[in-house]
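Everything on this sheet refers to the single structure shown next.
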Amino acid sequence: MRWVASYLALPLLLIVGCSKTPDSTPTPVAHAPAVLSAEVQKAVAQRGKAIVAETFSLLSSNLQSAIQQGGVSNALPFCSLAASPLTAGMASKHGVSIRRVTH
């Protein structure tokens, strides 16, 4: 009896699911960004490096303080709990997105 109900429900689901007509309005295509001049690229790279250096300094000094206060075993809680808010604060301060990158 179950297979009969399943057998009858499947066409109904297909009809309902497939009856929706696709939106005929075309999706706007974003224009490719203009190529940045070498001067602008250099300025952006310098700003990025300065933000990275400031963020690294902030995290490093806070990590060193955590180690001094509670030893090396205090480093893991610092990294898992305190590093994210500090990084988020730096991102907000500079109006950028900061992500962790590893090799």
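The values are calculated or read from the model by the stated rules, or taken from the named source; none is laboratory data. Fair warning: this is a prediction, and the values are worked out from it, not measured in the lab. Heads up, the Cβs are rebuilt from the backbone with ideal geometry, glycines too, and the neighbour counts pull from every protein chain shown.
Can you tell me which residues in region 81-102 are assigned to a loop (DSSP other than H, G, I, E, B) and loosely packed, with under 10 Cβ neighbours inside 10 Å? I'd like the intermediate steps shown before the answer.
Looking only at region 81-102, we keep the residues that are assigned to a loop (DSSP other than H, G, I, E, B), and these are 95-102.
If the condition is that a residue be assigned to a loop (DSSP other than H, G, I, E, B) and loosely packed, with under 10 Cβ neighbours inside 10 Å, then 95, 97, 99, 100, 101, 102 are the ones that fit.
Can you say whether residue 61 is among the hydroxyl-bearing types (Ser, Thr, Tyr), assigned to a helix (DSSP H, G or I) and modelled with pLDDT under 85, as far as the supplied structure shows?
No: the conditions fail for residue 61.
Could you list all residues from region 66-80 that are surrounded by 13 or more Cβ atoms within 10 Å (Cβ to Cβ) and among the polar types (S, T, N, Q)?
Of everything in region 66-80, just one residue is surrounded by 13 or more Cβ atoms within 10 Å (Cβ to Cβ) and among the polar types (S, T, N, Q), namely 74.
Could you grab the pairs with beta carbons closer than 8 Å, sequence gap of 6+ or different chains, first residue in region 39-52 and hydrophobic (A, V, I, L, M, F, W, C), second one assigned to a helix (DSSP H, G or I) and modelled with pLDDT of 90 or more?
51/90; 51/94
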